[in-house]
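Working notes, structure below.
The values are calculated or read from the model by the stated rules, or taken from the named source; none is laboratory data. Note that this is a predicted model, so its numbers are computed, not measured. Cβ sites come from the backbone with ideal geometry, for glycine too, and all protein chains shown count toward neighbours.
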Amino acid sequence: MREVFGMKKKQKTKIGVASRESKEILIDGFEINAKFTGTSKRLIDDLSKLSFLDVVKQGKEIAAINIESRTIRKEPYMFSIIYFERNKIKFLYTVAPNISPKKRRLEVLSYFLNILTYVGDKYVIDIQEILQLLQEAIHEMSEYVSLDFEKMYAMHDALKSKIERMTNEIKNLQDSNAALSRQNYELRTKLEDIQVKYNKLKKMSDEALSEKILDWISEHDGKIDISEFSKVYGVYPTRVEQMLNTLVESRFIEPK
């Protein structure tokens, strides 16, 4: 049996609540009427067998302390205390700022009922008191669970909408990618055609072009259609005009 929280025998019980990161924690609790029929020694011996409990005797009152977590300074942070008295059993517990009070109450009530089961042979407890605690717990649990489901459905709807938006965006990107692929193919085809024509133009020398022009004029009664000639031989019209001017200047042909 150990003395904790600075509590000593024959002193009034005081609870020093430590804070974590300067945040205050809440203290809640409840009590039930119960008549003690055992002996203090036997109750202390039985409770001391539970390794997670610190048991303290203060006069006729016995306190069972369960420290669940501590601060970085090793001070108690989350804990509960059961006070076993002659005519009642009191239960106090802490609630951290980041924990739902309803959820916390459900957790500690389960723990409290387990302890009552363990020491039940030393107390006469009114079953109506237990039923009332359970009824309150069930009511709070239904509210807590309903709230959780509401949050879950809200998150589900939000995620569903986000998935739909992303699906539409992916489809739009796929359509855009397909269009870009088609445009890329068309541009590549045009580039290949231009490259072929360019290669043909590079192969035809000025001398060969002048011979082709002279032959064309000879075969077409001294006339030449520049556009048609360009299409037949794959030569740019501007180059054909330049060559015609050169032939005129060199007096190979005379303009009419």
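Observations on the model:
- Odd one out for GLU107, checked against (1) within 32 Å of the chain's Cα centre (by Cα); (2) assigned to a strand (DSSP E or B): (2)
- Among the candidates ILE62, ILE127, residue that is surrounded by fewer than 19 Cβ atoms within 10 Å (Cβ to Cβ) and farther than 23 Å from ILE25 by Cβ: ILE127
- Across region 93-120, the number of residues qualifying as at pLDDT below 85 and aliphatic (A, V, I, L, M) comes to 2.
- Contacts under 7 angstrom Cβ, first residue in region 214-241 being free of Cβ contacts under 8 Å to residues at least 12 places away in the same chain, partner of a type outside the set (Gly, Ala, Ser), 6 or more apart: LYS223/ILE217; SER227/PRO237; SER230/TYR236; SER230/PRO237; SER230/VAL240; PRO237/ILE226
- Selection count where residues are charged (D, E, K, R) and free of Cβ contacts under 8 Å to residues at least 24 places away in the same chain, scope region 22-69: 4
- When LYS90, LYS14, LYS8 are screened for being modelled with pLDDT of 90 or more, surrounded by fewer than 18 Cβ atoms within 10 Å (Cβ to Cβ) and either not in a loop (DSSP other than H, G, I, E, B) or not assigned by TED's automatic domain parsing to the domain that holds GLU107 (or both), only LYS90 passes.
- The conditions of being over 24 Å from GLN132 (Cβ atoms) and surrounded by fewer than 18 Cβ atoms within 10 Å (Cβ to Cβ) are not met by SER100.
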